[in-house]
Amino acid sequence: MNSILDLKKLKTVEQVNVKGKVVMLRTDYNVPIVDGNVINDFRIRKSLPTIRYLFEHNVKRIIILSHLKNPKGYDKAFTLEPVKNKLQELLNMPVEFVDLEKLIGSHGKITLVENIRFWKEKENDPFLAEFLSEFADVYVFDAFSVAHRKHTTTWSLMEHLSTCAGFLVEQEIKALSKIFQPARPFLAIIGGAKISTKLNTIKALCNVADYVYVGGAMIFTIMSALGQKVGKSLVEPEMIETIKKEWDEIKEKVILPKDFVIARNPEAEAILSDNIPDEFIAYDIGEKSIQELKELISKANFIVWNGPMGMFENEKFEVGTRELVKSLENSSAYTIVGGGETITAIEGWSSFEKFDHVSTGGGAMLKFIENPLLPGLVHLFKN
Ligand code: ADP
Ligand code: MG
């Protein structure tokens with residue numbers, strides 16, 4: 001059983017006196033931008049409750065830090081300027097936007113600092129941390145999606161400034177902690193591309209869930225390790241030995257699909273089949289599998305889902321994932337969902353309100369399941 005965080009010791013923004021203080025706020029504004037426009041503002045909206053709370057409690061000033069993608073050094077191709085425009089629109093007030101070196105001399109009521117990854121954010125740099133800390137009295141961490149990283153804004157900066165959790169991080173921690181004290185039966189559903197990125201999460205889920213349904217491309221590596229035929233489906237050969245070693249530990253909980261939608265290539269005719277002949281690739285789970293998954297969902301009282309069941313971007317192979325989304329939205333279980341493509345699928349076929357918790361962290365959610373005391377959360381708990 002994984003350790004459970006002591007939620008009573010979580011320091012939240014509501015426990016801190018912010019009146020008259022300069023608050024540094026770490027958000028996740030890593031949003032999709034096309035032609036200088038933010039095309040999905042979900043993450044920006046998610047930061048608004050904390051920002052509004054801070055203003056309602058009369059902070060002197062808010063300085064926001066965020067990253068955008070993965071620039072190698074200073075590169076205006078990765079500017080946060082479009083985010084500033086969107087944030088102004090959503091808050092209906094001017095937002096100052098500055099490069100880090102111009103932070104001295106800036107005094108906006110709310111200031112967004114240019115992409116923090118233009119500087120030594122990923123190096124967990126003590127000098128950058130110290131420099132940043134000079135500008136503020138309090139640090140509010142509200143970027144759950146990077147909590148699994150040990151970066152300047154998720155670690156060193158917290159050693160310099162009094163730190164607490166914003167509302168988004170608080171919500172994530174409280175909802176995801178339920179995984180360790182779930183209502184039962186607890187069904188975990190894991191899919192997606194690579195077993196190498198999710199095997200540890202699957203192992204951790206086998207310790208807490210009653211059933212772990214595994215779909216997506218990752219099953220073909222498992223099936224190969226078990227000596228089953230997978231045709232030309234996606235396999236990670238370097239993972240086969242590891243799976244062989246781990247299988248005994250997880251086989252009691254893991255349920256694999258019984259049939260598949262196969263084709264010779266993504267453009268060719270799609271066929272429903274119980275096995276995968278040599279020349280074929282499996283792109284989705286089949287009807288029997290979907291039926292079994294629906295039955296498991298109908299009996300479950302607690303469900304965690306990450307990762308699509310098939311290559312859902314192609315409509316011939318979307319059925320497994322679409323039916324999963326539909327069954328989950330009608331389920332009365334407590335439902336937690338997260339993951340990049342998982343969220344795309346939910347946006348396509350359902351809406352976020354139909355789920356109890358939509359995590360803003362893909363990787364962070366998976367890592368939280370492995371060990372909830374993520375680096376970025378350590379400093380948010382009182383000793
Ligand atoms: P998430 O971002 O939700 O955690 P992943 O990144 O792990 O999910 O995986 C998503 C990708 O997995 C999707 O783009 C999908 O096309 C792919 N995928 C799922 N099943 C298959 C399959 N059978 N063959 C090829 N690709 C697949
Ligand atoms: Mg993904």
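The values are calculated or read from the model by the stated rules, or taken from the named source; none is laboratory data. Because the structure is predicted, anything quoted here is derived from the model rather than measured. Don't worry about glycine lacking a Cβ; one is built from the backbone with ideal geometry, like all the others, and counts go over all protein chains shown. For the accessible areas, the whole protein counts, side chains as well, though only heavy atoms, and no ligand, DNA or RNA atoms are used. Shrake-Rupley method; radii C 1.70, N 1.55, O 1.52, S 1.80 Å.
Would you check which residues across segment 285-326 are β-branched (Val, Ile, Thr) and away from ligand 1 (no atom under 16 Å from the Cβ) and list them?
Of everything in segment 285-326, just one residue is β-branched (Val, Ile, Thr) and away from ligand 1 (no atom under 16 Å from the Cβ), namely ILE297.
Looking for whichever is touching a Cys at 6+ places or on another chain (Cβ under 9 Å) and either without any contact (Cβ under 8 Å) to a residue 12 or more places away in the chain or in the same structural domain as CYS206 (by TED's automatic domain parsing) (or both) here; the options are ILE250, ILE276. Which one fits?
One residue alone meets the criteria, ILE250.
Give the residues of segment 359-383 that are of a type in the set (Phe, Trp, Tyr) and either open to solvent by less than 10 Å² (accessible area, probe 1.4 Å) or out of contact with any strand residue (DSSP E or B) (no Cβ under 7 Å at 6 or more places or on another chain) (or both), sorted by residue number.
PHE368
Quick grid of which residues meet (1) open to solvent by less than 10 Å² (accessible area, probe 1.4 Å); (2) modelled with pLDDT of 95 or more; (3) among the polar types (S, T, N, Q); (4) under 23 Å from the mean Cα position of the chain (by Cα):
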residue	(1), (2), (3), (4)
ALA77	no, yes, no, no
GLU81	no, yes, no, no
GLN88	no, yes, yes, no
ILE116	yes, yes, no, yes
ALA136	no, yes, no, no
ALA147	yes, yes, no, yes
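Of all residues in segment 315-340, which are surrounded by fewer than 19 Cβ atoms within 10 Å (Cβ to Cβ) and within 16 Å of ligand 2 (Cβ to nearest atom)?
The answer is GLY340, and nothing else.
Determine, yes or no, whether GLY307 is within 16 Å of ligand 2 (Cβ to nearest atom) and touching a residue at least 60 places away in the same chain (Cβ under 8 Å).
Yes; evaluated as a whole, the condition is true for this residue.
Within the bounds of segment 162-172, is there any residue that is touching a helix residue (DSSP H, G or I) at 6+ places or on another chain (Cβ under 6 Å), open to solvent by 10 Å² or more (accessible area, probe 1.4 Å) and not in a helix (DSSP H, G or I)?
Scanning segment 162-172, I find no residue that is touching a helix residue (DSSP H, G or I) at 6+ places or on another chain (Cβ under 6 Å), open to solvent by 10 Å² or more (accessible area, probe 1.4 Å) and not in a helix (DSSP H, G or I), so the answer is no.
Looking at (1) open to solvent by 100 Å² or more (accessible area, probe 1.4 Å); (2) under 21 Å from GLU318 (Cβ atoms); (3) more than 27 Å from the chain's Cα centre (by Cα), find the lone condition where VAL261 falls short.
(1)
Which one is nearest to the chain's Cα centre (by Cα) among residues in segment 14-31 that are within 15 Å of LEU161 (Cα to Cα) and touching a residue at least 60 places away in the same chain (Cβ under 8 Å)?
Filtering first and then ranking leaves ARG26.
Step by step: first the residues of segment 327-345, then only those that are over 20 Å from LYS194 (Cα atoms) and of a type in the set (A, V, I, L, M), then the one that is farthest from ligand 1 (Cβ to nearest atom). Which residue is that?
In this case the residue turns out to be ALA333.
State all residues of segment 295-321 that are charged (D, E, K, R) and in contact with an Asp or Glu (Cβ under 9 Å, 6 or more places away or on another chain); if no residue qualifies, say none.
Those that are charged (D, E, K, R) and in contact with an Asp or Glu (Cβ under 9 Å, 6 or more places away or on another chain): GLU313, LYS316, GLU318.
Can you find even one residue in segment 222-238 that is open to solvent by less than 10 Å² (accessible area, probe 1.4 Å) and among the charged types (D, E, K, R)?
Within segment 222-238, none of the residues are open to solvent by less than 10 Å² (accessible area, probe 1.4 Å) and among the charged types (D, E, K, R).
Return the total of residues in segment 193-205 being open to solvent by 10 Å² or more (accessible area, probe 1.4 Å) and either in contact with a strand residue (DSSP E or B) (Cβ under 7 Å, 6 or more places away or on another chain) or in the same structural domain as VAL146 (by TED's automatic domain parsing) (or both).
Residues flagged as open to solvent by 10 Å² or more (accessible area, probe 1.4 Å) and either in contact with a strand residue (DSSP E or B) (Cβ under 7 Å, 6 or more places away or on another chain) or in the same structural domain as VAL146 (by TED's automatic domain parsing) (or both) within segment 193-205 amount to 1.
Please go through segment 17-53 and pick out each residue that is of a type in the set (A, V, I, L, M, F, W, C), surrounded by 17 or more Cβ atoms within 10 Å (Cβ to Cβ) and under 18 Å from LEU132 (Cβ atoms).
Correct list: VAL18, VAL23, MET24, LEU25.
In this structure, does LYS244 turn out to be open to solvent by 20 Å² or more (accessible area, probe 1.4 Å), more than 27 Å from ILE4 (Cα to Cα) and more than 16 Å from ligand 2 (Cβ to nearest atom)?
Yes, satisfied.
Quick one: would you say LEU65 is touching a residue at least 40 places away in the same chain (Cβ under 8 Å) and on the phi < 0 side of the Ramachandran plot?
For LEU65, the condition - touching a residue at least 40 places away in the same chain (Cβ under 8 Å) and on the phi < 0 side of the Ramachandran plot - is met.
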